[in-house]
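What follows is a single structure, written as structure tokens, with notes after it.
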Amino acid sequence: MKKYIFPFIILFLTSCNESINYSKDNHNTTMEFAKGLYKETYRTYSGGVYGGDVHTAYLTDSLTFRKYLGKNFDHEQIRVAMTDDETVMVYKVNIEGATIDTIKKEFYNISSLKEEGKFE
């Protein structure tokens, strides 16, 4: 019995490692929503049969910046829209059946993001 416990403990400890669950190795989509601006999504966690998937979203121009927007869960989505030539509106919505509620809105200036040049 003891020889079966040790491999089980090792398996359990490695499954709790955040670097496995939250890596950016599993790219899902790249959506161009304006000329030269993209929303990239990655599946960062898969709950398998018993849980839902978690996706992370990034705003990027692929050259000068990459901004972390947040996590999507099964009933939530992060959406991106241009409000004018220089401003991006990022909003998170909760979807329950036919009802869509806005949870959070943020606005980003494209020139400021390019000037900062951060890759998150």
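Among Asn28, Asn21, Asn17, which is the only one that is surrounded by 11 or more Cβ atoms within 10 Å (Cβ to Cβ) and modelled with pLDDT under 85? Give the steps one after another, and end with the answer.
Numbers: Asn28 fails: modelled with pLDDT under 85; Asn17 fails: surrounded by 11 or more Cβ atoms within 10 Å (Cβ to Cβ).
Among Asn28, Asn21, Asn17, only Asn21 is surrounded by 11 or more Cβ atoms within 10 Å (Cβ to Cβ) and modelled with pLDDT under 85.
Looking at the structure I just gave you, is Lys92 surrounded by 11 or more Cβ atoms within 10 Å (Cβ to Cβ), under 18 Å from Met31 (Cα atoms) and charged (D, E, K, R)? Quick ask: steps written out before the conclusion?
Values: surrounded by 11 or more Cβ atoms within 10 Å (Cβ to Cβ): yes; under 18 Å from Met31 (Cα atoms): yes; charged (D, E, K, R): yes.
Against the criterion (surrounded by 11 or more Cβ atoms within 10 Å (Cβ to Cβ), under 18 Å from Met31 (Cα atoms) and charged (D, E, K, R)), Lys92 qualifies.
Rundown of residues vs (1) β-branched (Val, Ile, Thr); (2) over 16 Å from the mean Cα position of the chain (by Cα), yes/no style:
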residue: Thr60; (1), (2): yes, no
residue: Leu69; (1), (2): no, no
residue: Gln77; (1), (2): no, no
residue: Val90; (1), (2): yes, no
residue: Ile95; (1), (2): yes, yes
residue: Thr99; (1), (2): yes, yes
residue: Glu115; (1), (2): no, yes
- Those residues that are open to solvent by 90 Å² or more (accessible area, probe 1.4 Å), touching a strand residue (DSSP E or B) at 6+ places or on another chain (Cβ under 6 Å) and within 18 Å of Leu37 (Cα to Cα), I need them from segment 96-114; list them, please. Phe107
- Exactly one of (1) out of contact with any Phe, Trp or Tyr (no Cβ under 8 Å at 6 or more places or on another chain); (2) farther than 30 Å from Glu86 by Cβ; (3) at pLDDT 60 or above is unmet by Phe8. Its number? (3)
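The values are calculated or read from the model by the stated rules, or taken from the named source; none is laboratory data. Predicted, not measured: the structure shown is a model, and the values here were computed from it. Heads up, the Cβs are rebuilt from the backbone with ideal geometry, glycines too, and the neighbour counts pull from every protein chain shown. Ligands, DNA and RNA are excluded from the accessible area calculation, which covers all protein heavy atoms including side chains. Shrake-Rupley method; radii C 1.70, N 1.55, O 1.52, S 1.80 Å.
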